[in-house]
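Here is the structure we will look at, set down as structure tokens.
No value in this document is a laboratory result; all are computed from the given coordinates. Because the structure is predicted, anything quoted here is derived from the model rather than measured. Here the Cβ is made from the backbone with ideal geometry for all residues, glycine too, and neighbour counts use every protein chain on show.
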Amino acid sequence: MQWAQIILDSLPSTGQWNDNHLHALAVVFSPSIAIAALNLLEREAVTRVDGPCGRNFYQVEDDRDFLTCFPSVPYCTCVGHREQQMVCQHILAVHLAIRTGRCNWSKWNQMDFLNHLAGC
Ligand SMILES: [Zn+2]
């Protein structure tokens, strides 16, 4: 994830990315993952869910699935990530949404938050 982090850190937080930025994303993460993540970002599919005690996770809506992501681990509940242990489009979309401030936001109570995480 070291190269990935360098690329992510180099992206302007305005979201005004040129061809070099997009090419770097495609090289580091694969073209299909980069394109899918950019589509998720465009659809504003990323929500930061805040729970009790300052804990949070990210939820990504992808084709009517709601995937739970912890980008710093990195971890995602999608099949691609579980089977291949790779950075999937959801984790990349969360990083891009954080970078550009394009996260939706939701506050959950303790019961809902813990019940959701218990099901991951
Ligand atoms: Zn995923």
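Some points to look at:
- Tabulated pairs, the range 59-78, first free of Cβ contacts under 8 Å to residues at least 12 places away in the same chain, second more than 7 Å from the ligand (Cβ to nearest atom) and not basic (Lys, Arg), C-beta under 7 angstrom, 6+ apart or interchain: 66/59
- All conditions but one from (1) among the small types (Gly, Ala, Ser); (2) out of contact with any helix residue (DSSP H, G or I) (no Cβ under 7 Å at 6 or more places or on another chain); (3) under 26 Å from residue 112 (Cα atoms) apply to residue 32; the one that does not is (3).
- Candidate set: the range 90-120, residues that are touching a strand residue (DSSP E or B) at 6+ places or on another chain (Cβ under 6 Å) and part of a loop (DSSP other than H, G, I, E, B); chosen: the one farthest from the ligand (Cβ to nearest atom): 108
- Test: residue in the range 59-74 that is on the phi > 0 side of the Ramachandran plot and hydroxyl-bearing (Ser, Thr, Tyr): no
- Scanning the range 53-67 for residues that are within 11 Å of the ligand (Cβ to nearest atom) and in contact with a Gly (Cβ under 9 Å, 6 or more places away or on another chain) yields a count of 0.
- Single match in 48, 64 (criterion: under 26 Å from residue 116 (Cα atoms), surrounded by 12 or more Cβ atoms within 10 Å (Cβ to Cβ) and charged (D, E, K, R)): 48
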